[in-house]
Amino acid sequence: MCGPCLRDKLAGRSGINQIKLDSTAPGLAMLELDYDPRLVTLGELENEMKRIGVCRLADRAEMVLGIDGMVSPKSEQAIEAALSRLPGVVASASFASKSLRIEFDRTQCALPEIVRRLDEIGFHLRSGSAPASVKQVRESFAQQIVRWGREYYKIVMAVIGGLLLVAALLVNWYAPPSLQWLRIALIVPAYLLTGWFTFKDTLKTLWNLQFDIDVLMFAAAIGAASLGHYEEGGLLLFLFALGGAGEEMAMDRARRAIQSLSKLAPEAATVRLPDGRQRLLRVAELKIGDEVVVHPFDRVPADGTILDGTSSIDQSPITGESVPVVKSPGSAVFAGTINGEGLLVVTVTKLASESTLAKIVKMVEEAQTTKSPTQVFTDKVEHYYVPIVLIATAGLIFIPPLIKGGDWGIFFLRAMGFLTAASPCALAIGTPATVLSGIARAARAGVLVKGGRHLENLGRVTAIAFDKTGTLTRGRPELTDVVPLNGKPESELLALAAAVESGSTHPLAKAIVGQARAHHRELPQAMEIEQIPGKGVVGKVHGLTVIVGQVDLISKNDPAHTALREKVAELGRKGRTSVVMIVDGQVAAVFGLSDRLRDNAALTLRHLKRLGITKTIMLTGDSAAVADPIAKEVGIDDHYSDLLPQDKVRILHSAFTTDGPVAMVGDGVNDAPAMATATVGVAMGGAGTDVAIETADVVLMADDLGKLPEAIGLSRFCRTIIKQNLLIALGVICVLAPLAAVGTAQLGIAVLFHEGSTVVVVLNAMRLLVYKPRAFPE
């Protein structure tokens with residue numbers, strides 16, 4: 001592809017800010033991209049370039065890392081700013097998932113340098129888990145106790161500190177002056193217990209030359225104490241600590257929902273050796289071609305093909321299917337799925353790092369570190385909003401006392417109350433918490449969403465375009481009609497045709513053979529089979545010469561030609577492809593074949609209409625004779641036939657102009673240009689094809705079109721929660737900040753509502769984890 005063509009292809013991609021093309025070297029074009037890593041990942045750009053025949057330089061690397069030490073949404077900016085100063089490094093951090101996606105040039109900056117820079121600013125890589133062993137299994141309960149302790153110790157400390165604070169307050173109210181020392185003795189540990197983590201976070205933030213809500217809360221508490229308001233300062237620290245602990249617990253639930261994906265595959269596999277013995281190996285050590293034994297009710301350790309055995313497989317961890325699928329020799333199985341009652345021997349077809357589950361985990365990890373358009377917008381607003389709040393706070397501290405006079409302490413407390421009420425914590429955490437929960441819920445349902453941008457955009461679509469073959473239809477021809485023309489029974493004619501077609505690999509031949517074998521235990525033996533180039537196949541069955549192939553095999557001078565053409569035309573009006581059979585020179589039958597609609601295609605389109613999709617479109621390269629009956633049967637609004645890939649792109653551009661945001665649903669292979677053009681590209685059958693996982697923005701892993709309304713419903717619910725969270729956060733700020741500025745809302749009230757609104761938006765986001773798709777009448 002020429003350089004300017006490539007530049008034009010990428011120019012409209014969301015998240016790309018600038019493109020520089022250098023084609024001075026003969027035969028080589030270098031393209032430099034300035035892109036926003038919050039909106040688009042290097043993997044997405046690489047897949048986009050692959051679709052148009054271009055490769056990126058191998059020196060560029062990308063990985064997702066777990067990060068410890070992130071204490072607030074401000075940590076994202078600290079990490080991104082620090083790493084952006086390293087040569088060749090771009091980073092996108094997520095406080096919601098406590099993870100970091102880095103993209104770096106190996107020739108300019110090595111990974112140890114990135115880790116060292118993180119350590120310098122107070123953040124550390126999360127330690128990975130060692131491979132499972134028997135000892136670790138025995139220790140799992142103890143590890144769970146430790147996890148519970150890590151979850152609840154902040155709340156326990158806050159509650160104990162709060163009880164000490166109440167005791168100090170009672171002493172202040174009712175104890176004689178001689179016992180006031182007891183008040184201080186209770187206040188000091190109360191401050192230490194409730195303010196310990198705020199103090200640590202404050203030091204870390206100031207060390208990084210930043211200023212966030214932790215600094216403000218700690219300064220306000222110390223300021224209140226310095227003015228003699230010990231209990232009020234303690235209440236501030238108590239409420240802040242309690243709110244922070246509750247928020248972290250709620251967020252941990254969403255994080256665990258994501259992390260549980262990586263634990264689906266077992267750590268060890270039973271390998272059958274060539275001599276028949278069995279050996280236990282780590283899954284990471286499996287090689288392609290190894291034969292693994294999967295015992296009843298065990299998880300499948302690797303992607304592979306069943307060599308021996310039959311069993312029902314629960315594929316819900318990968319595809320979201322609610323009903324187990326029966327698998328037999330030759331069937332594909334996926335790592336992380338659950339075997340039923342049968343014993344299976346599976347030949348490994350993919351390494352552990354390349355399995356479908358591994359790709360899903362990688363994509364979901366990357367999705368956590370991308371940001372939705374709403375989050376990017378709120379980040380920009382916050383960039384200007386925070387300095388304005390700080391300036392206003394300083395004005396509230398100094399201007400009123402200078403103009404009116406009065407107690408500086410009173411105005412200081414009012415200013416701290418205003419600063420607390422105006423702090424945008426709920427605004428900063430509401431959207432990423434919602435996106436994290438939405439991605440986790442979608443993954444559990446077998447829908448892979450590759451980032452907050454795509455999750456939010458899917459809920460905006462008002463029009464959906466569908467590829468026909470493999471999307472609305474099953475993607476394989478099936479025999480639908482047998483029309484006898486010589487008076488013989490259908491079953492006999494079908495057996496004769498299947499006998500000569502049994503050795504052919506043509507899809508139409510396979511359909512005829514498959515239907516015949518469903519009705520006949522054994523097919524007759526065909527002899528002297530020969531191919532008629534471009535026409536069909538001929539052979540002898542029971543002494544009869546049987547020819548099966550195109551209608552053109554019949555001469556126009558043949559008396560049977562007219563009657564045959566009428567039957568073919570009749571089948572064509574039904575959208576059928578015709579195959580003719582000639583027995584000993586006489587036309588014996590016409591077979592009609594078609595790519596059947598998916599069982600739930602029409603129902604899915606009705607559900608989409610009820611969800612508010614205003615336009616449905618079918619795009620196909622098939623002829624109008626084939627496309628028209630399908631479109632009518634499924635209930636499509638508009639359909640276009642005889643299309644080339646560029647025609648599909650043109651139609652999508654037009655649909656976007658007239659109908660608004662549009663999604664393109666296809667198989668992820670030949671529909672790639674159209675998917676790239678659409679607002680959101682949706683691929684069918686991601687569990688079966690690597691290409692589908694790599695090319696689309698959203699992947700329906702189960703190859704189930706019925707998952708599309710669920711995905712759109714989830715996305716719209718996600719957008720609703722984002723709007724609710726914005727309303728809650730802005731509402732509290734708009735109401736409470738002015739009241740705190742004039743002294744109507746005291747500092748404790750400001751902290752209570754501030755922390756309360758932060759916890760409320762996180763809990764509101766958690767509703768996505770229990771989202772249930774809307775039920776429609778059949």
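The values are calculated or read from the model by the stated rules, or taken from the named source; none is laboratory data. Not measured: the values here are computed from a predicted model. When we count neighbours, we look across all protein chains shown, and the Cβ atoms used for this are built from the backbone with ideal geometry, even at glycine. In case anyone asks, the SASA skips ligands and DNA or RNA and just uses the protein heavy atoms, side chains included. Shrake-Rupley method; radii C 1.70, N 1.55, O 1.52, S 1.80 Å.
Shown is the FRET efficiency for Ser623 and Asp584, computed with R0 = 30 Å from the Cβ-Cβ distance and rounded to the nearest 0.05: 0.40. Comparing Cα centroids, the range 451-507 and the range 748-778 end up 45 angstrom apart.
Dipole check for the range 471-581: with +1 at the C-beta of Lys and Arg, -1 at the C-beta of Asp and Glu, and the Cα centre as origin, the magnitude is about 320 Debye.
Computed over protein heavy atoms with a 1.4 angstrom probe, the accessible surface ordering of His520, His754, largest first, is His520, His754. The calculated FRET efficiency for Tyr174 paired with Leu769, based on their beta-carbon distance and R0 = 56 Å, is about 0.75. Accessible surface calculations at 1.4 Å, restricted to protein heavy atoms, place the range 341-414 at 50 Å² per residue. Can you pick out the pairs among Lys263/Lys371; Lys450/Lys707; Lys468/Lys648; Lys359/Lys450 whose Cα atoms lie more than 18 Å from each other? Result: Lys263/Lys371 exceed 18 Å.
Once the 1.4 Å probe is applied to the protein heavy atoms, the range 577-706 comes out at 36 Å² accessible per residue. The residue list Pro533, Pro507, Leu496 was ranked by how far each Cα lies along the charge dipole of the range 483-604 toward its positive end, using unit charges on Cβ atoms, and Pro507 comes out on top. Modelled this way, with points 7 Å down the Cα-to-C-beta line, the labels at Gln646 and Glu570 are 4.2 nm from one another.
One equal scatterer on each Cα of the range 419-492, no solvent, Debye formula: the resulting log10 I(q)/I(0) at q = 0.15, 0.19 Å⁻¹ is -0.78, -0.97.
The modelled label-to-label distance for the pair Val323/Ala219, using points 7 Å beyond Cα in the direction of Cβ, is 6.4 nm. Net length available on complete extension from Arg606 to His519 is 27.8 nm, with 0.36 nm assigned per residue and the Cα-Cα distance removed.
A simple spin-label model places the labels of Ile288 and Glu530 4.0 nm from each other, with each point 7 Å out along Cα-to-Cβ. In the full protein context, the range 416-527 carries 33 Å² of accessible surface per residue, based on a 1.4 Å probe and ignoring ligands, DNA and RNA.
Segment Thr614..Lys540, full-extension length gain: 21.1 nm, with 0.36 nm per residue of separation and the alpha-carbon distance subtracted. Projecting the Cα atoms of Val348, Ser311, Phe297 onto the dipole axis of the range 264-411, where Lys and Arg carry +1 and Asp and Glu carry -1 at the beta carbon, places Val348 farthest toward the positive end. Ligands, DNA and RNA aside, Leu280 has an accessible area near 130 Å² when probed at 1.4 Å.
Using the Cβ-Cβ distance between Ile388 and His124 with R0 set to 30 Å, the FRET efficiency works out to roughly 0.35.
Each Lys and Arg contributes +1 and each Asp and Glu -1, all at the Cβ; summed about the Cα centre of the range 413-552, the dipole is approximately 1020 debye. In this structure the amide hydrogen of His639, modeled in the peptide plane, comes within under 5 Å of the amide hydrogens of Met618, none closer than 5 places in sequence on its chain.
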